[in-house]
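The values are calculated or read from the model by the stated rules, or taken from the named source; none is laboratory data. Please read all numbers here as calculations on a predicted model, not as lab measurements. Cβ sites come from the backbone with ideal geometry, for glycine too, and all protein chains shown count toward neighbours.
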Amino acid sequence: MKREGAVTARILTDPLLWFGLAFAFFVAFMPVLAPIFARAFPSIEPPVYAGDSFVALWLFHAALVAASSLAATIIGVSAGIFATRAAGTEFRPTLEALATIGQTFPPVAVLALAVPALGYGAAPTFIALTLYGILPILKNTIAGLTSAPAAVRDAAIGMGLTPLQILRQVELPLAAPVILAGIRLSVIINIGTATIGSTVGAVTLGTPIIGGLVANKIGYVIQGAIVVGLFAIVTDLLFERIDRRLRRFARRD
Amino acid sequence: MIEFDRVTKLYGGKRAVAEVSFTVAGGAFCALVGPSGAGKSTLLRMVNRLVAMDGGAVRIAGDDITKLPAVNLRRRIGYAVQSVGLFPHWTVEDNIATVPRLLQWPEDRIAARVRELLELMRLDVEATRRQYPHQLSGGQQQRIGVARALAADPDLLLMDEPFGALDPITRRELRAELARIHKATGKTILFVTHDIDEALELADVIAILRDGALAQFGTPADLLARPASDFVREFMGGATLGLKLLAQRRVGEHLRADTSAPGAPISRDATLTEALSQMVLRGTDRLPVSDASGKPAGAVALADLIRS
């Protein structure tokens, strides 16, 4: 009985539950809040953004972030693995420099450069987010793969594991929490950055924000920002969950 | 049997190991000793090709080690090191199973082997099997390291200061365990240590290295009785050489047929050092000796200790 109580308490105090509920509420039932927004911003008509539904905006936004983060992960992890192999060590500084340039390049500038080549819409945003997301993943992949203790690697070689077996069975699992932290950072940054995609016509949660800024409708900006913010928080909490699972073998002190 | 034939390793033009030749019989326990930088670890790591040779050859049971691909060679040789290097993300069971899995043993055979090895290491099978390395003490980790090295039943075991990082009590315990395991399994063991007493206690033969060259190779008794150079004499213990010689000899080999000595008897398997110590403690020059079953076997006298 006591145990059940403790489990219930743990679920009820779980931030993921409450932020998840809040997020689901704002995405699904934003129009319900129309009277509140009407009172706060009487001049805005209609009081709640009335373009695509927030569910649709969120789905487009999430798809864009998922696709670009997946691309950034594939590129970042592959490049990180390559840079830590014997054949790739010479390329490591170059790769890190390239990723840093990708990161320091303002995403708006990437959009501006990509639009003439790819046209308006989701494509230039996808490119910008991918470039922007590579650096944290690449850096953490390199850090994680090189952090396997020398003794562990020595023992692995000495027992007759092949280089591929060492990578897959030893280095990658040990680096997983660090690589995941890089992906987490990259995804969270991209959830925020994706809103800028709406300036070049990508449909995202940034659409009400950008539209609201242009038309001076602050209510839309707030509505978009709340949903993006909650989306980022919920995603971050989900990553924390995965991270805890990955670290189950780690020191508990 | 393992044969070192003019083995040489160069580091930046300097010879880290210089034309070292000696042969260790199958089933023997060979200690590689010497001061830091003498090349003993390098020599050991050339056997499983973690370090490439620059000259000479190593042959295991007559076969040159460069004949096999390095990965296959390593799977046939047990390897245990001071820092243990257990995989932190694998359970004890999975760690021990590393090489059997590489060799694709069936799972039930692996499980049985893990159980057998944990028992050999005198660890609680059920309690330890599913633990992660960080949940074990240093001594337990090292036992798992040795178990992992033995897992695929290799004929040859390489050990690089396996007990170097442990406290003296655990160290003594594991030494005794290793001696027992060596007797029980009959493996050929190459064991690197800088501790000559550890070598004297465990080894059948000792190779003393200095600046990459072999200073002397022989049985502990040989080295103690006939050190080839001042370096060897000093390294073996200088002024205390005689006491170490006594530690190599057993009371049973120096018995006289005399059952009149007073006091509690000592075992005929005790070392002469222990006999001498007892004489000093008791203020006597004669001790009664009993055999394994506790029956009187004779006596040992102070004069017998000095005669070899």
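Some notes on this structure:
- Given (1) more than 8 Å from chain A (Cβ to nearest Cβ); (2) part of a loop (DSSP other than H, G, I, E, B), index of the condition residue B:57 fails: (2)
- Candidates A:198, A:147 - the one that is buried (at least 21 other Cβ atoms within 10 Å of the Cβ) and either more than 17 Å from the chain's Cα centre (by Cα) or away from chain B (no Cβ under 14 Å) (or both): A:198
- Selection count, the stretch B:137-194, where residues are over 22 Å from residue B:115 (Cβ atoms), within 14 Å of chain A (Cβ to nearest Cβ) and modelled with pLDDT of 90 or more: 6
- Hey, residue B:84 facing chain A (nearest Cβ under 8 Å), among the hydrophobic types (A, V, I, L, M, F, W, C) and surrounded by fewer than 20 Cβ atoms within 10 Å (Cβ to Cβ) or not: no
- The sole residue among A:175, A:155 that is buried (at least 23 other Cβ atoms within 10 Å of the Cβ), more than 8 Å from chain B (Cβ to nearest Cβ), modelled with pLDDT of 90 or more and more than 24 Å from residue A:107 (Cα to Cα) is A:175.
- Residue B:52 vs. criteria away from every other protein chain (no Cβ under 14 Å) and in a loop (DSSP other than H, G, I, E, B): no
- Hits in the stretch B:201-239 (condition: in contact (Cβ under 8 Å) with a residue 60 or more places away in the chain, part of a helix (DSSP H, G or I) and surrounded by 16 or more Cβ atoms within 10 Å (Cβ to Cβ)): B:202, B:235
- Of all residues in the stretch A:48-85, those satisfying the criterion of being among the aliphatic types (A, V, I, L, M), farther than 30 Å from residue A:222 by Cβ and touching a helix residue (DSSP H, G or I) at 6+ places or on another chain (Cβ under 8 Å) are A:71, A:75, A:77, A:79, A:81, A:83.
- As a summary of the residue check, residue A:225 satisfies the conditions (1) modelled with pLDDT of 90 or more; (2) surrounded by 20 or more Cβ atoms within 10 Å (Cβ to Cβ); (3) over 15 Å from the mean Cα position of the chain (by Cα) except for the one numbered (2).
- Test: residue in the stretch A:48-59 that is touching a residue at least 12 places away in the same chain (Cβ under 8 Å) and farther than 26 Å from residue A:124 by Cα: yes
- Summed over the stretch B:92-124, the residues that are buried (at least 19 other Cβ atoms within 10 Å of the Cβ), of a type in the set (S, T, N, Q) and more than 8 Å from every other protein chain (Cβ to nearest Cβ) give a count of 1.
- Screening B:245, B:272, B:305 for residues that are touching a residue at least 60 places away in the same chain (Cβ under 8 Å) and either more than 26 Å from the chain's Cα centre (by Cα) or under 29 Å from residue B:232 (Cβ atoms) (or both) leaves exactly one candidate, B:245.
- Restricted to the stretch A:137-253, the set of helices (runs of 4 or more DSSP H) holding at least 1 residues that are more than 27 Å from residue B:97 (Cα to Cα) and without any contact (Cβ under 8 Å) to a residue 60 or more places away in the chain comprises A:172-193, A:206-214, A:218-246.
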